[in-house]
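Down below is the structure, laid out as structure tokens.
The values are calculated or read from the model by the stated rules, or taken from the named source; none is laboratory data. Being a predicted model, the structure only gives us computed values, none of them experimental. Positions of Cβ are backbone-derived with ideal geometry, glycine not excepted, and every protein chain shown enters the neighbour counts.
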Amino acid sequence: MHRLYYLLSALFLASCLSPASKGDEEVTLTTDFYKISGPTMGTTYHITYEDSLGRNLQAQVDSLLLEVNLSLSTYIDSSLISRFNKAGQAFDLSAEPEPLRRHFLNNYLLSQKVYAWSQGFFDPTVMPLVNYWGFGYTPKGKGEQVDSALVDSLRSLVGMDKLNLDGALLKKGVAGMQLDFSAVAKGYGVDVTGDLLTSLGLCNWLVEIGGEVAASGHSPRGTPWVVGINKPEEGASPLDFELRLRMDTLCGLLWPAGKMKPIGPQGEVGGARAMRGLATSGNYRNFYEEGGEKFVHTIDPHSGYTRRSALLSASILAPTCAEADALATACMAMGKEDALKMVERLKNVEACLIFVGPSGKREMGLSHGLGTFVER
């Protein structure tokens, strides 16, 4: 996907691992822990997993992520989403290959849910505006020639409530509507990769794609996985952290069906599924400048304009990484106050919001339950 939110760096506890090379792949082994990595979605993935059978899962992971891309990438002209975007007012999904259709519908239905949660601030139909402002598959640099009338016209194409799924037929309420799942697809890719690992009987793993992370079980040290939230500064090192969070989870073979449960502050187990997906969105790396003005990639679907605010980054911990990914984007479009209100309304969702305070210094706002996961 084309929005590269390099805002999280997973701590893979590399000091525990000894690298070994195999062709262009990197596979590392300590006891039964392995590490694989590769390119995907315009960025890279990194996976650490424990497997007593010693399997190299690179080929299976690459095949799965290619499948996701063929469904969701607006940069692949023949992808399912690209063909939907070029279609008229109705697109028949019934003829699509089952895996591509499933990935597309999973993202569509999740997006509808987060659209409602966020009162429309998360909206994948914003694609025409993403392209207009130069953050899609068109060249950057629209800022000096802002056409307010055109922006208003493009806004008429925006609104998930203007789409209607009738059986296998996805109908556009307005001709020219387009979808862009880039603000959820990396998180979704993390989730389906985690599902793959769990389906293979693996319990202890960490998956990261372009900074979006999910974890299960424990790290090679036998302790919870720890993930760092970057300092939201231009030029900051990927290992320069504002906060570190423990990804406390229990794992079991029924995890894909939603049977994992989070560990509470006293070690109790509760909830329907582990809070194990973490994603961050922010404006301090994906922007351009023209005419002395900075244009950021966060677009307010309600106004049609790029949204700059005191909120520098939003990190979300949620039951799935796809939900975390979408909600983090919504938070950036909403601003700090409304974002915290939304998070507090949602069950099993926590947030770390980093913003510029009244004094001009960087401050941090945490949801009430996030302290359980902070690494002291």
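Under the condition of being modelled with pLDDT under 95 and either surrounded by fewer than 20 Cβ atoms within 10 Å (Cβ to Cβ) or under 14 Å from ARG102 (Cβ atoms) (or both), the residues counted in segment 175-194 number 2. Scanning segment 216-241 for residues that are modelled with pLDDT of 85 or more, surrounded by fewer than 20 Cβ atoms within 10 Å (Cβ to Cβ) and among the polar types (S, T, N, Q) yields a single hit, THR223. I'm trying to understand the selection: among the residues of segment 191-201, which are part of a loop (DSSP other than H, G, I, E, B) and among the aliphatic types (A, V, I, L, M)? Within segment 191-201, LEU200 is the sole residue that qualifies. Taken over segment 111-135, the residue count meeting the criterion of being within 19 Å of the chain's Cα centre (by Cα) and more than 18 Å from MET334 (Cβ to Cβ) is 2.
Taking the criterion of being of a type outside the set (A, V, I, L, M) and touching a residue at least 40 places away in the same chain (Cβ under 8 Å), the residues of segment 354-368 that qualify are PHE355, GLY357, ARG362.
Restricting ASP195, ASP180 to those that are in contact with a Pro (Cβ under 7 Å, 6 or more places away or on another chain) and within 18 Å of THR249 (Cα to Cα) reduces the list to ASP195.
Residue-by-condition table, conditions (1) touching a strand residue (DSSP E or B) at 6+ places or on another chain (Cβ under 9 Å); (2) hydroxyl-bearing (Ser, Thr, Tyr); (3) outside any loop (DSSP other than H, G, I, E, B):
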{"residue": "ASP161", "(1), (2), (3)": "no, no, yes"}
{"residue": "GLY187", "(1), (2), (3)": "yes, no, yes"}
{"residue": "CYS203", "(1), (2), (3)": "yes, no, no"}
{"residue": "VAL227", "(1), (2), (3)": "yes, no, yes"}
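Go through segment 354-374 and give me each residue that's assigned to a loop (DSSP other than H, G, I, E, B) and surrounded by fewer than 14 Cβ atoms within 10 Å (Cβ to Cβ).
Residues satisfying the conditions are GLY357, PRO358, SER359, GLY360, LYS361, HIS368.
Flag set for LEU129, criterion: under 29 Å from ALA149 (Cα atoms), crowded, with 22+ Cβ neighbours inside 10 Å and not polar (S, T, N, Q).
Out of ALA351, ALA339, I need the residue that is part of a strand (DSSP E or B) and surrounded by 22 or more Cβ atoms within 10 Å (Cβ to Cβ). Which one? Within the list ALA351, ALA339, the selection yields ALA351. If only residues of segment 72-96 that are of a type in the set (S, T, N, Q) and farther than 20 Å from ASP166 by Cβ are counted, the one that is surrounded by the most Cβ atoms within 10 Å (Cβ to Cβ) is SER73.
Of all the strands (runs of 3 or more DSSP E) wholly in segment 1-82, which have at least 3 residues that are out of contact with any Cys (no Cβ under 8 Å at 6 or more places or on another chain) and modelled with pLDDT under 95?
8-11, 18-22, 25-30
Taking first residues from segment 332-347 that are over 22 Å from SER303 (Cα atoms) and partners that are part of a helix (DSSP H, G or I) and not basic (Lys, Arg), the Cβ contacts under 8 Å between residues at least 6 apart in sequence or on separate chains come to VAL343/LEU327; VAL343/CYS331; ARG345/TRP117; LEU346/TRP117; LEU346/LEU327.
When LEU129, LEU109, LEU165 are checked against the criterion of being at pLDDT below 95 and either of a type in the set (A, V, I, L, M) or assigned to a loop (DSSP other than H, G, I, E, B) (or both), a single residue qualifies: LEU129. Among the candidates ASP191, ASP152, the residue that is under 30 Å from GLU375 (Cα atoms) and not basic (Lys, Arg) is uniquely ASP191. For segment 46-62, the set of residues classified as without any contact (Cβ under 8 Å) to a residue 60 or more places away in the chain and surrounded by fewer than 18 Cβ atoms within 10 Å (Cβ to Cβ) consists of SER52, LEU53, GLY54, ASN56, ALA59, ASP62, listed by residue number.
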